[in-house]
Amino acid sequence: GSADGGTTWSNLDCVDCVDGTGPDGMISADGDGNGFDLGVRSCLDGATCTLRLAEFCVKVETSDLVYSRGTLTVIINGATVASGMHEYSAVLVNRCYSSFPSVTITNPTDNAWAGYATGSA
């Protein structure tokens, strides 16, 4: 999949494929069982296999603009992964997940935070 309009791409993961012996990053599909050597993951014997993005990445970073440093809590999948006062240009979160994460933010103080929340799949 591509998260930037097709500039860069990442391999899809074949969820229900079997391990093959082919080149890294390649998948194969075959109506019988002899195509396992064509992909590192193989969909064999006429099976219908599910492809998905292997990772979903989240990055939260404080801006370097004046007055952007401040307090922020970042919660991903119900767990607090960053909290407190964050300085200019600080990376609060840079993590990847195997499924699409639920991301929430909150600022419990009157000390404003500004920055970037980006994702990549």
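Could you work out the Kirkwood radius for the chain, taking every pair of different alpha carbons, averaging 1/r and inverting it, reported in Å?
Numbers: mean 1/r = 0.0592 Å⁻¹.
After inverting the mean inverse Cα-Cα distance, the result is 16.9 Å.
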Put a dot 7 Å past each Cα toward the Cβ at residue 54 and residue 75; how far apart are the dots in nm?
3.2
Per residue accessible area of segment 1-99, 1.4 Å probe, in Å²
59
Expected output is a single nm value to one decimal: the length gained when fully extending between residue 67 and residue 12, i.e. 0.36 nm times separation in residues minus the C-alpha distance. What is it?
15.8 nm
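Report the percentage of all Cα-Cα pairs in segment 23-76 whose separation exceeds 18 Å, rounded to a whole percent.
Working: 818 of 1431 pairs.
So the pairs more than 18 Å apart make up 57 percent of the total in segment 23-76.
Over segment 51-121, what percent of the accessible surface lies on carbon and sulfur atoms, probe 1.4 Å?
Numbers: 2300 of 4320 Å².
About 53 percent, which is the carbon plus sulfur part of the accessible surface.
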Considering amide H positions built from the backbone, and no H for Pro or chain starts, which residues 5 or more places from residue 54, or on another chain, come under 5 Å of its amide H?
13
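The values are calculated or read from the model by the stated rules, or taken from the named source; none is laboratory data. Please read all numbers here as calculations on a predicted model, not as lab measurements. Here the Cβ is made from the backbone with ideal geometry for all residues, glycine too, and neighbour counts use every protein chain on show. Keep in mind that these areas ignore ligands, DNA and RNA; they rest on the heavy atoms of the full protein, side chains included. Shrake-Rupley method; radii C 1.70, N 1.55, O 1.52, S 1.80 Å.
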